[in-house]
Amino acid sequence: MSPTRRYAALGLLAAGGAALPAARAFGQESPATRELTDADEPATRLDTLRSKYEHMLAPVQINGQGPFSFLLDTGANVSCVSHRLAERLELKSSETRAVHTVVGVRQRPIVLLDHLQVGPRNRRNVKAPALPIKGPEVDGVLGVDWLKNQRLVLDFKAKRLEITRSRNDEGQPGRVVVVPARRKYGQLTIVDADLGGKRISAIIDSGAQGTLCNSKLREIVRDQEAKAGNRIPPLRLVEMETLAGENFIGEALFLPFLRLGGLHLGNVQVTCADMHVFDIWGLKDSPALVIGMDLLSQFEQVSLDFGRSQVRFDFI
């Protein structure tokens, strides 16, 4: 069966785009990129742009030049630059390293950024992969290496992002839901989640345009549909592409009921594909979901607290 064109746009940059979710992508951290304490980091508040695929784009300075538009990606554990930007800034590469994307692992050139600045936050001597990022509007990817023990607020209503100190959150019935999570390879995975009563894992990935699941989660949906006596809908394939230009095929699927902590969602459209990203996160053999911008942008704000390992959803 050929992939349906109707759903082709769903995953044009879905499943993490240029996500680099494996901590193994780099070896030992250098002293220049060591983890800083909350007291070392100034609060950062920046206006953002939205790409044509609904990603958040933040202004970033590289070596005193810019601003350049970097895609904010909570599914990436390191930041990277596009080949186009590396050539423009004449960034030289003296090595290659294995870089993991949603599709697989490839050797990529590593360039040295003397200065990488996001608002008042500045890093020196940053080693970043250079990727063949498609499209002229994205100059690079800003990963969670900027968010150690910090709090990231994605304000969709105000079109802003904030990086501040970690703080405790409490839910407010009907307006705010706070969900516990755990950290793995730098990312936050929601641990209190289920699909029709079956426990699942859910990863927050602002670099994904659409939401992705694996076949273990699809099995839950099919079992529940069969028990309810419902007709299984015909297979609909989706042609997808990562931000690095890697193509893959998925299956369009609807989740009848999804719970994330105290948050209840129904009839959620996802794409099912057993991709490399689930292997990296150790979720190949358990039902898992990668939550993309199609779901995240339905809220007024989504706050990811990497210090306290929790996710807050603010309703519009």
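The values are calculated or read from the model by the stated rules, or taken from the named source; none is laboratory data. These numbers were taken from a predicted model, which means no experiment stands behind them. No Cβ is skipped: glycine too gets one built from the backbone with ideal geometry, and neighbour counts run over all protein chains shown. Each accessible area value is taken on the protein alone, full model and side chains, heavy atoms only, with ligands, DNA and RNA left out. Shrake-Rupley method; radii C 1.70, N 1.55, O 1.52, S 1.80 Å.
Observations, loosely collected:
- Arg108 being in contact with a Phe, Trp or Tyr (Cβ under 8 Å, 6 or more places away or on another chain) and modelled with pLDDT of 90 or more: no
- Looking across the range 109-158, the residues that are free of Cβ contacts under 8 Å to residues at least 24 places away in the same chain and either in a strand (DSSP E or B) or within 16 Å of the chain's Cα centre (by Cα) (or both) come down to Pro109, Ile110, Leu112, Asn122.
- Tally, over the range 213-244, of residues that are touching a helix residue (DSSP H, G or I) at 6+ places or on another chain (Cβ under 8 Å) and open to solvent by less than 10 Å² (accessible area, probe 1.4 Å): 3
- If the condition is being of a type in the set (A, V, I, L, M, F, W, C), open to solvent by 40 Å² or more (accessible area, probe 1.4 Å) and more than 15 Å from Leu260 (Cβ to Cβ), then the range 278-316 contributes only Ile316.
- Flag set for Arg182, criterion: open to solvent by 50 Å² or more (accessible area, probe 1.4 Å) and assigned to a strand (DSSP E or B).
- From Ser69, Ser79, residue being open to solvent by less than 20 Å² (accessible area, probe 1.4 Å), among the polar types (S, T, N, Q) and modelled with pLDDT of 90 or more: Ser79
- Residue match in the range 167-179 (condition: open to solvent by 30 Å² or more (accessible area, probe 1.4 Å) and within 18 Å of the chain's Cα centre (by Cα)): no
- For Gly197: the one exception among (1) touching a residue at least 40 places away in the same chain (Cβ under 8 Å); (2) open to solvent by 20 Å² or more (accessible area, probe 1.4 Å): (1)
- Residues of the range 86-105 classified as closer than 17 Å to Gly143 by Cβ and assigned to a strand (DSSP E or B), total: 5
- Among the residues of the range 281-300, some residue qualifies, meaning at least one is closer than 15 Å to Lys198 by Cβ, among the aliphatic types (A, V, I, L, M) and modelled with pLDDT of 90 or more.
- Test: residue in the range 238-254 that is at pLDDT 85 or above, closer than 30 Å to His83 by Cβ, outside any strand (DSSP E or B) and out of contact with any strand residue (DSSP E or B) (no Cβ under 8 Å at 6 or more places or on another chain): no
- Asn122 being surrounded by fewer than 16 Cβ atoms within 10 Å (Cβ to Cβ) and either under 15 Å from Leu147 (Cβ atoms) or touching a Leu at 6+ places or on another chain (Cβ under 9 Å) (or both): yes
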